[in-house]
Amino acid sequence: MRKLVRKGAAVTAVLVAAVALSACGSDDKSAKPQHKGGATPSAADPQPAEAVALADAVGTWLGKADDKSVTLTISKGGQTVVISDAHVCQGTAKEGDALTLALTCKDGNTDRSSGKVTSADGKQLVVAWESGRTDTLTKLDVSGLPTNMPSIPSLPSLPPQS
């Protein structure tokens with residue numbers, strides 16, 4: 001039963017992220033991360049920040065910060081959404097000297113508005129945010145999600161307009 005609830009929560013997070021990815025993001029490119037709180041990258045991280053490419057970060061990543069869930073989704077085109085606590089922030093991931101995230105939250109929150117991906121190894125992703133937060137996230141395993149979902153039935157025709 002718990003496994004079903006966890007998978008349902010993961011599916012819900014992915015669907016919310018997918019819907020949010022269709023919106024526009026910010027072009028803020030300023031990112032000066034500071035490492036306070038949470039896990040910080042170590043010398044044993046799989047890749048230095050300069051080596052993280054967009055392709056390394058594509059997917060949905062899950063974790064916890066301050067005992068609250070954090071979900072980060074990055075699309076192949078760089079559209080990015082982070083959901084944390086009651087905040088939904090969206091924007092872009094851009095390659096350069098490092099893979100940077102520039103996001104805007106509808107509620108004005110800036111905890112996760114600008115950050116840099118400091119490592120990504122296909123299983124774990126670390127983001128150092130300009131606010132001083134550092135998120136260590138694990139890639140969502142979609143292999144156990146159902147694939148044989150029923151299709152949506154056709155809707156009846158609308159009455160003819162006069």
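Miscellaneous remarks
- You will find that of A31, A98, A13, A49, the residue that is farther than 15 Å from E130 by Cα, aliphatic (A, V, I, L, M) and either in contact with a His (Cβ under 9 Å, 6 or more places away or on another chain) or modelled with pLDDT under 95 (or both) is A13 and no other.
- Restricting T110, T118, T147, T136 to residues that are closer than 14 Å to T73 by Cα and either open to solvent by 90 Å² or more (accessible area, probe 1.4 Å) or of a type in the set (V, I, T) (or both) narrows the list to T136.
- Residue in the range 88-95 that is open to solvent by less than 40 Å² (accessible area, probe 1.4 Å) and at pLDDT below 95 present: no
- Answer residue from the range 65-80, given it is assigned to a strand (DSSP E or B) and within 17 Å of R133 (Cβ to Cβ) and is most open to solvent (accessible area, probe 1.4 Å) among those: K68
The values are calculated or read from the model by the stated rules, or taken from the named source; none is laboratory data. Fair warning: this is a prediction, and the values are worked out from it, not measured in the lab. FYI the Cβ positions are ideal-geometry reconstructions off the backbone, even for glycines, and counts take in every protein chain you see. Note: areas computed on protein heavy atoms with side chains; ligands, DNA, RNA excluded. Shrake-Rupley method; radii C 1.70, N 1.55, O 1.52, S 1.80 Å.
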